[in-house]
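Following: one structure in structure tokens, then a few remarks.
The values are calculated or read from the model by the stated rules, or taken from the named source; none is laboratory data. Computed from a predicted structure; not experimentally measured. Backbone-built Cβ (ideal geometry, glycine too); neighbour counts: all protein chains shown. Accessible surface areas use protein heavy atoms only, side chains included; no ligands, DNA or RNA. Shrake-Rupley method; radii C 1.70, N 1.55, O 1.52, S 1.80 Å.
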Amino acid sequence: MGSDSLGKVAPGTTPLSVQMVAYEGVIPRVGEYVILEDGDVRVLGMITDVIMGASELEREDLLQANYYDKILKLIERPSNWIKASIKMIGVLDGSNISGTPKIPVSPAADVKRAPTNILTEIFKPNDGDGIRIGSLMTRDDVDVYLDPDEILSRHLAILAVTGAGKSNTVAVILEEILRLGGVALLFDVHSEYSNMSLDCDGCYVETIQPEIDPLTLSIDEVAKLIGISYESAAKMYIFLKRAHKNAKNLLMREELGDYIRRAGIDGDPQDLLAGIHAIVKLSADEEGGSDDENLLRYEYRDRESILSLLARLEHVRERYSRVLVSRAGEIVDHLNYGKLVVVDLGQLDTELTDIVVGKTLLTLLDRAKKRRMGSDVWMPIPVLSVIEEAHILVPSMMDTYTNYAASKIAREGRKFGIGLCLVSQRPKGINTDILSQMVNKIILRVIEPEDQAYIRRATEFLSEDMVKYLPSLDIGEAVVVGPMLKIPALIKVRLSKAKRRGESLKARELWKRGIERKDFRDDYYSAIGD
Ligand SMILES: Nc1ncnc2c1ncn2[C@@H]1O[C@H](COP(=O)(O)OP(=O)(O)OP(=O)(O)O)[C@@H](O)[C@H]1O
């Protein structure tokens, strides 16, 4: 028996799985890659389960531990045996893998630990360079690379319970994409990545506070912003649509500023939302009977809808004044090669976040399409867009704007160079159609059986055997499936050197620092003279 020999195949084999019995003293590890040698045929497999027994203790009538003590006194050590289940991955030709064998491997075939050089060859980057995500969980001498082409064209989901290492995985992937000169856009819902620094030469990160020029909003986007739709409030929607159209016409004729001034509201003469607000306000003041064709005509019975629309516009303009900025540039204009743009959404509520993300994704796709069609719009492609907290923005039970935009990118992004990466701690809360189009998945620890079942249903390459590992994974350990890897793998994600805000709190250290600095509330207020 060589040092890499683990055991022999036990009788009762199938083309898809076998059991092995281990040599004495050898304990195979779950997740370990093995090679089954059957004559000239070499089959790569993975150990999916290990069971240990003790021959002298296996009589059915040994129902009390005292019996075990008595036997152990006689024999000192029981003769332990180990059996392991092996799932077949494919037939090996050198380091090339084809499909699973068509006939079962013969009993008593040798089972050996897969050699490092073969595994290194399997997990190395395709065209000389790739995304170095970490190493095999059972073999830290084997680096694992993901194929960026596949991530960009078949998308990616990173799923796990909180604290299992999702954000670190995102940081590693972004760092690697930028190292390759790539372009990335991250929607940072909790300001976790804002102002982070990445560990890669020549790459850079820009954190932007989102701003939207109301002029770039479609009528449906404005309606969403003020919380109405044709279905929920038909009259208001129709009045809004007319005001939107009239404001645009006035803006083109450079007359919008007059209306904004006449209405006595704050606003840049180019601010379309201020213009809509002005038109609705003047129409309310005129009680529907104005001769001015740019104002809204309405019957007295519809006054309630006009007043309600006015109240909503006032509320939205006041609430979102920091984001709705006339003449603001597009977020996608910040993208560049070797650059990560972090959109800091931490200060925004869910409704506005949804509009910013949905609108930016659609602009991204639109620009990429135009560039592809040869129009002279500049846009660096391909771009990986990352949505954190995907269960909020791309939910299964609600019709959000981001849902619409993400599903368009999931379907069409591949053709135009827009990849999507969804990150979530509540997989079952994500829209199932979109999740299943994230063909590549990195799944760190997932405990809830419902989440596991949901992921399983939405993942083409994920077997039951692999789902079994999910609850027991340690921080940073992950099941990785999809065409970004040649074969599914259990990996340990490497720790990124990026500095982020979202890392786990070190409570004792922070309290100690506070005590040392005498950082107490009363001292603080007396120091600032309050
Ligand atoms: N691969 C890893 N190796 C070692 N430590 C890790 C690894 N991944 C994450 N950690 C550590 O675990 C902690 C949590 O990681 P991280 O913030 O990435 O988890 P998360 O799943 O994104 O959590 P949350 O859902 O709360 O955002 C961090 O302090 C991080 O340093």
Checklist entry - Got a sec? Which strands (runs of 3 or more DSSP E) wholly within the stretch 143-239 have at least 1 residues that are among the aliphatic types (A, V, I, L, M), within 15 Å of the ligand (Cβ to nearest atom) and open to solvent by less than 10 Å² (accessible area, probe 1.4 Å)? => result 156-159, 183-188
Checklist entry - Consider LYS468 against the criteria (1) closer than 24 Å to GLY45 by Cβ; (2) without any contact (Cβ under 8 Å) to a residue 60 or more places away in the chain; (3) open to solvent by 80 Å² or more (accessible area, probe 1.4 Å): it satisfies all of them except one. Which criterion is unmet? => result (2)
Checklist entry - Of the residues that make up the stretch 484-491, is at least one open to solvent by 100 Å² or more (accessible area, probe 1.4 Å), among the basic types (Lys, Arg) and at pLDDT 90 or above? => result yes
Next on the checklist: Looking at ASP433 and the list (1) surrounded by fewer than 24 Cβ atoms within 10 Å (Cβ to Cβ); (2) outside any helix (DSSP H, G or I), which single condition is not satisfied?
Outcome noted: (2)
Item to check | Given (1) touching a strand residue (DSSP E or B) at 6+ places or on another chain (Cβ under 6 Å); (2) within 16 Å of the ligand (Cβ to nearest atom); (3) within 30 Å of PRO28 (Cβ to Cβ), number of the condition GLY130 does not satisfy | outcome: (2)
Checklist entry - Quick check: is even one residue across the stretch 67-85 under 43 Å from the mean Cα position of the chain (by Cα), surrounded by 11 or more Cβ atoms within 10 Å (Cβ to Cβ) and either charged (D, E, K, R) or assigned to a loop (DSSP other than H, G, I, E, B) (or both)? => result yes
